[in-house]
Amino acid sequence: MKKVIAIDGPAGAGKSTLAKRVAQRLGYIYIDTGAMYRSVAWKVLQTFGSDNFTDEDIAAAAYNLTVALTYENGSQRIAVDGVDVSEAIRTPAVTSVVSRVAAIGQVREKMVDLQKKMAADGGVIMDGRDIASKVLPNADVKIFLTASIEERANRRYKELREKGFAVDLTKLQEEIAARDKADSEREESPLVQVPEAILLDTTNMNLNEAEAAIVKLVE
Ligand code: DC
C-alpha cells in the first residue's frame, strides 16, 4: 500500500532534492509546496515590480491565478496561468519576497486547499513547512528534515553558483536565517516540528545516506 509522506523543515535542508529522489525510487508523486508559494511570489513581482505592493495585492494575485503542477520524466514542472515558471521561481528576486507572500492567510488557504486535493489519492510525498501540522495531519510518515545553518548555506551557495548566480556565502547565510525566522515566527501555520515527526539531521550525511534513511522510515 502506498503511503502519504510529509516532510517539513527549514530552507536548504535538502527537502526537495531528497523528496524527489525518494519519490522516484518508490514510485510516488512528489509535490513541492514551496514551488507553489514561489509561483504566487513570481506573479506578484510580474504584476507590481519589486516592492510596490500591499498584502491585499498579494492576496488578490493568489486568488486570481491558476497553478498547475505537471510531471515530465519524473520531474515536476510548474505553470502559472499557463506559463511555465519552473526556473523563474528559483531566482534570488523571488526568494527574497516569498516569505512575505507565504505569511498571508488568504494565500495559504488557497494553496493548502489545492495541496490537500493533490494528495487525496495517496502515493504522495509532499514537502514544505506546514505539511504535517496543517496540510496532511493524517500522513503515514512525518519527517522533520534539518541541517546546521552553515551546511544549509553551503548547499544553497553551490546550487546557486552552478546555476550561474553570483552569490556571497555570508549574505546567503544571513538571508536563510532571516527566512527561517520569518517562516517560524509568522502567525499563519508557522514552521514547526509536530511531536510525532521524526527528526532527521542531515548535516553530516551525504545524499545517498539521507535518502536511505528516509526510505527506511517509509518502509
Ligand atoms: O522550500 P522553499 O524555499 O521553496 O519555500 C519557499 C518559501 O515558501 C519559504 O520561505 C516558506 C514558504 N513555504 C511555506 O510557507 N509553506 C510551505 N508549505 C512551503 C513553503
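Computed from the coordinates by the stated procedures, all read-outs in this text should not be read as laboratory data. None of the values given here were measured: they were computed from a predicted structure. A quick note on method: Cβ atoms are made from the backbone with ideal geometry, for glycine too, and the neighbour counts reach across all protein chains shown.
Quick notes
- Residue selected from region 191-211 under the condition part of a loop (DSSP other than H, G, I, E, B) and surrounded by 15 or more Cβ atoms within 10 Å (Cβ to Cβ), by the criterion farthest from the chain's Cα centre (by Cα): M205
- Any hit, region 121-135, residues being over 23 Å from R21 (Cβ atoms), more than 16 Å from the chain's Cα centre (by Cα) and without any contact (Cβ under 8 Å) to a residue 24 or more places away in the chain: no
- Taken over region 18-55, residues that are hydroxyl-bearing (S, T, Y), out of contact with any strand residue (DSSP E or B) (no Cβ under 7 Å at 6 or more places or on another chain) and either under 20 Å from A120 (Cβ atoms) or more than 11 Å from the ligand (Cβ to nearest atom) (or both) amount to 3.
- Looking only at residues in region 77-116 that are more than 10 Å from the ligand (Cβ to nearest atom) and in contact with a Phe, Trp or Tyr (Cβ under 8 Å, 6 or more places away or on another chain), the one that is nearest to Q173 (Cα to Cα) is P92.
- Screening N138 on (1) touching a strand residue (DSSP E or B) at 6+ places or on another chain (Cβ under 9 Å); (2) under 25 Å from A177 (Cβ atoms); (3) away from the ligand (no atom under 13 Å from the Cβ); (4) not acidic (D, E) shows it passes everything except condition (2).
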